[in-house]
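Down below is the structure, laid out as structure tokens.
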Amino acid sequence: MPTSPDLATATAPAAPTAALELDAVAVSYGDTVAIEGLTAHVQAGSSVALVGPNGAGKSTLIRAILGIVPVAAGRIRVLGTDPVSARRRVAYVPQHTDLDSEFPVTARQVVLMGRYRHVGWLRRPGRADRAAAASAIHAVGLDDVADHRFGTLSGGQRQRVLFARALAQEADVLLLDEPFNGVDLTTQQLMIDLLAAARSRGAVVVLSTHDLDLARHTCEEACLLNRRLFAFGPVAQALDEDLLLAAFAHAPHVLAPSAVVATTITTEG
Amino acid sequence: MSSARAHSSVMATLTTVVAACLAVACGPSRTSSTELPVAATTTEVADFARIVGGAKVRVYDLVRPGIDPHDFDPSPADLEALRRAAVVVENGVGLERWLGPALDAAGSHAVVVDTSAGITLRPGGPGEPGDPHIWHDPRNAQRMVTAVAESFALADPAHASSYRANGATYVEVLRALDDDIAGRLATLADKRLVTNHDAFGYYAARYGLDVIGSVIPSADTSAELSAAGTIRLVRQIKAQHVRAVFAESDLPPKMAAAIARQAGVKVVEGADALYGDSLGPTGSAGATYLQMMRHNTEVIVANLS
Amino acid sequence: MFAAPYMQHALIAVVIVGVIAGWTGVHVVLRHLAFVADAMSHTVFPGVVIAFAAHQSLFLGALVAGAITAVGLTGLTSRPRIGEDASLAILLTTLFAVGVVVVSRQRRYSADLTTFLFGRLLAIGARDLWLMGAVAVVAIVVLVGGHKELVMRAFDPNGTEAMGYRVTRLDLVLNLLVAAVMVTALKAIGTTLAVAMLVTPAATARLVTRRVGTAVVTSIGVAVGAGIVGLVISYEASVRGGVRLTTSATIVSVLTLTFVVAAIASRIASRPAVAMSGGSDR
């Protein structure tokens, strides 16, 4: 099995304030172990693709970074603090299919939701908030349909709305759950461009995807997991054939906890 | 947009209906007539009020025949009647606990006449000031009638002499009634009475009858009979050789019939049922106080001779 | 008609109940939580009955029972689990039965039972109105202050949690609002019909509006309007027609009628007539 130097740490000393730090993280639901022994450090301005088969724990990992599910072992630090405290600076883009298409909100109102943390309780969004929402809508090219009901938009348009919501939040970490699923090519390219723009402002981008080409295309680094970490590093190395085969061949439910080998940032030998 | 059209048509309809309702509500009310407006709580005191007042009063019946006066929940019509009334006639003895709050709610300025004032009360159930069935003794009824006449005279001095005269006349009639009933019941061989509930305490005391027991052992019709109580009553009926169990007109006769059957005696029910709590409806055998008292007496005499 | 105190009090009562039930109902319907309202009506009833038997304030009994239910149901409404509906139904009907048993121990219970279930709108006094008003003011403050967060949670619970809000706390707030409506509506229309007041105006509004904001205004309008119309109808039926129509049941009948009219109107309006510009609601 090929070994690679630890590129993530070789070029720079271990930064104590990496934007995202996962150390031997394990997450479980009751008796089931969803993720174990996952260690990865992500710097500001980088982008990571979470890759793995269904049930690998990609969504769970995203939820753990958001602090929605607690870690059973290990530690997660987001922007130097615990996930729950960091939430205001973390934006989450879910899949548009998760949402109720009958709900009586317009696209603009959904984007404005990204500003609620800035607005606070008891108050209504102000001019600055509306301006931020408007510019986010403009960035995703939805000015024409901003006041249409969210559910009447196409799949790609809805995904853009959710993306715009995250942009309006002006967050430092962007977490995207399968953002390219069921989305047209124009939207895909638009999101890729916007993600690059966000990264150049110093944001961290973490997105989960099934599409290996898109992963290679959009992100610098990849995290290959299937309950445990199979690789983390530059995307070309982390997603090479042998590693992919090893990761995808493992059926998650077969793996017994005691058989897990502790992983490091380097690719597995 | 279609949804907006549906929305505006629904809202327009609703607003029109609400506005129409408020227009009706705030419109002119009926003009009042010259009669003295009176509201009466029970059927018995309503009868007295009509007799004393004649054509010079307009009596509104609050509790209709067959309705338990304890549970009364006034309707808007009832509350309007209370509001317009100059005099409200009540039985008293805790029978109309709802009356005070109802008068406040109606914003009524009526004078309330407690017709039980001055009457010696028999003991009632726990928490009750006494047995409220005072009217079954015609001597009590005389006091009640006099109280009504006095209150009408005070409220409507122009016709005071008329009310007092009517009252006095009726008191005489009640005296005659009292003598008549006393005569009939004096010669009764068997004076043992079993009724549906304890409504006849005053009647029995006045005319020397012996109340063995009641199907519902309380002056309150909503009390319930226990199995032990039923067995005890049946045993008493048999032991004392009681001849009949009397059902009442406004209570279901099933319990009385069941006990009578178990004890092997007859049950007096249907058209012959006694009037315990209220008078009967118009056209029945107990539509007025006089008719009611005569009917009860005749039925008792017929079944206990 | 409104010269007498009882009608003035009844009018104020239906306005108060209509406003908070209509408004809260929009959130209940957005989150498909009508069953919470129904559950509350089953648990508030024994609370009221127990307070009555212990000679305590009925308002307090309703408040305590409602608050306990709100807390207890929050786990269920945040993350519904399959299979819990049966045990919930058993629990609720048992609690309701407990209430009936306790109330029937009283000597004269049928009137009280009716009052708890269907209210006694015409017997509302000034003190009742003060209590109702106080609860309503608190509820309105919460509804105004938390409006955007409640809507966002209904739309996207994961996104809301991701943004740093505690979804369980928002759910508890909504459940407490439902309890507040129950408590306020108790003497006016009773626990059973309060469910109708919560659900029907909001469901009607959903049929004919496309924004949450207009839904709230419409729902309040329908709730208050039905309250006034029902009150006037039952008054006229009694005074002019001699017919006794229970006020609370009349109000609910008007609500149902309004819903049916709205359903028909929206069905007619949504027939594809002229082709509209793309993207708008059909």
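Below are the figures for this structure:
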item: Test result for C:Ala154, surrounded by 19 or more Cβ atoms within 10 Å (Cβ to Cβ), facing chain A (nearest Cβ under 10 Å) and either assigned to a helix (DSSP H, G or I) or of a type in the set (Asp, Glu) (or both); result: yes
item: Segment B:180-201 - residue that is over 24 Å from B:Gly125 (Cα atoms) and among the hydrophobic types (A, V, I, L, M, F, W, C) and, of those, surrounded by the fewest Cβ atoms within 10 Å (Cβ to Cβ); result: B:Ala189
item: Condition met for C:Arg210 (outside any helix (DSSP H, G or I) and either more than 14 Å from chain B (Cβ to nearest Cβ) or charged (D, E, K, R) (or both)); result: yes
item: A:Asp211 vs. criteria of a type in the set (Asp, Glu) and closer than 28 Å to A:Ile137 by Cβ; result: yes
item: Of all residues in segment A:80-109 being β-branched (Val, Ile, Thr), under 22 Å from the mean Cα position of the chain (by Cα) and in a strand (DSSP E or B), the one that is nearest to the other protein chains (Cβ to nearest Cβ); result: A:Val90
item: Enumeration of residues in segment A:127-153 that are away from chain C (no Cβ under 14 Å) and among the β-branched types (Val, Ile, Thr); result: A:Ile137, A:Val140
item: Filtered residue count, segment C:1-21, keeping only those that are among the small types (Gly, Ala, Ser) and farther than 15 Å from C:Met132 by Cα; result: 2
item: Residue in segment C:176-188 that is in contact (Cβ under 8 Å) with a residue 12 or more places away in the chain and within 14 Å of chain A (Cβ to nearest Cβ) present; result: no
item: Residues of segment C:115-138 satisfying the condition of being without any contact (Cβ under 8 Å) to a residue 40 or more places away in the chain and within 14 Å of chain B (Cβ to nearest Cβ); result: C:Arg127
item: Exclusive hit being buried (at least 24 other Cβ atoms within 10 Å of the Cβ) and assigned to a helix (DSSP H, G or I), set C:Leu176, C:Leu143, C:Leu170, C:Leu186; result: C:Leu186
item: Residue match in segment B:224-241 (condition: assigned to a helix (DSSP H, G or I) and under 22 Å from B:Trp135 (Cβ atoms)); result: no
item: Within segment B:131-140, tally of residues that are touching an Asp or Glu at 6+ places or on another chain (Cβ under 8 Å) and either without any contact (Cβ under 8 Å) to a residue 12 or more places away in the chain or hydrophobic (A, V, I, L, M, F, W, C) (or both); result: 1
item: Odd one out for B:Pro76 among (1) more than 9 Å from chain C (Cβ to nearest Cβ); (2) crowded, with 24+ Cβ neighbours inside 10 Å; result: (1)
item: Tally, over segment C:263-278, of residues that are assigned to a loop (DSSP other than H, G, I, E, B), of a type in the set (Ser, Thr, Tyr) and at pLDDT 60 or above; result: 1
item: Where C:Gly242 falls short, out of the listed (1) more than 7 Å from chain B (Cβ to nearest Cβ); (2) surrounded by fewer than 22 Cβ atoms within 10 Å (Cβ to Cβ); (3) more than 19 Å from C:Ala262 (Cβ to Cβ); result: (1)
item: Yes/no for C:Val232 being facing another protein chain (nearest Cβ under 8 Å), over 30 Å from C:Leu60 (Cβ atoms) and in contact (Cβ under 8 Å) with a residue 24 or more places away in the chain; result: yes
item: Single residue of segment A:142-184 satisfying the filter (in contact with a strand residue (DSSP E or B) (Cβ under 9 Å, 6 or more places away or on another chain) and among the basic types (Lys, Arg)) that is surrounded by the most Cβ atoms within 10 Å (Cβ to Cβ); result: A:Arg165
item: Filter pass, C:Gly146 being free of Cβ contacts under 8 Å to residues at least 60 places away in the same chain, under 20 Å from C:Trp23 (Cα atoms), within 14 Å of another protein chain (Cβ to nearest Cβ) and of a type outside the set (D, E, K, R); result: yes
item: In segment B:190-231, the residues that are acidic (Asp, Glu) and either more than 22 Å from B:Glu96 (Cα to Cα) or at pLDDT 80 or above (or both); result: B:Asp190, B:Asp198, B:Asp210
item: Odd one out for C:Thr214 among (1) touching a His at 6+ places or on another chain (Cβ under 6 Å); (2) surrounded by fewer than 20 Cβ atoms within 10 Å (Cβ to Cβ); result: (1)
item: Residue in segment A:62-71 that is more than 14 Å from the chain's Cα centre (by Cα) and of a type outside the set (A, V, I, L, M) present; result: yes
item: Residues of segment B:40-92 classified as farther than 16 Å from B:Pro281 by Cα, part of a helix (DSSP H, G or I) and among the acidic types (Asp, Glu), total; result: 3
item: Matching residues in segment B:92-130 - criterion: being in contact (Cβ under 8 Å) with a residue 60 or more places away in the chain and closer than 18 Å to B:Thr43 by Cβ; result: B:Thr115
item: Tally, over segment B:93-126, of residues that are more than 14 Å from chain C (Cβ to nearest Cβ) and either in a strand (DSSP E or B) or in contact with a helix residue (DSSP H, G or I) (Cβ under 8 Å, 6 or more places away or on another chain) (or both); result: 12
item: Identity of the residue in segment A:167-195, free of Cβ contacts under 8 Å to residues at least 24 places away in the same chain and of a type outside the set (Asp, Glu), that ends up farthest from A:Ile137 (Cα to Cα); result: A:Leu185
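So that you can scan it fast, the table gives a plain yes or no per residue for (1) within 17 Å of B:Ala199 (Cα to Cα); (2) assigned by TED's automatic domain parsing to the domain that holds B:Asp68; (3) part of a loop (DSSP other than H, G, I, E, B):
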residue: B:Val245; (1), (2), (3): yes, no, no
residue: B:Leu251; (1), (2), (3): yes, no, yes
residue: B:Met255; (1), (2), (3): yes, no, no
residue: B:Ala258; (1), (2), (3): no, no, no
residue: B:Arg261; (1), (2), (3): no, no, no
residue: B:Ala271; (1), (2), (3): no, no, no
residue: B:Gly276; (1), (2), (3): yes, no, yes
residue: B:Leu279; (1), (2), (3): yes, no, yes
residue: B:Ser284; (1), (2), (3): no, no, yes
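The values are calculated or read from the model by the stated rules, or taken from the named source; none is laboratory data. As the structure is a computational prediction, the values presented were derived from the model and not from experiment. In this analysis, Cβ positions are derived from the backbone assuming ideal geometry, glycine residues included, and neighbour counts consider all displayed protein chains.
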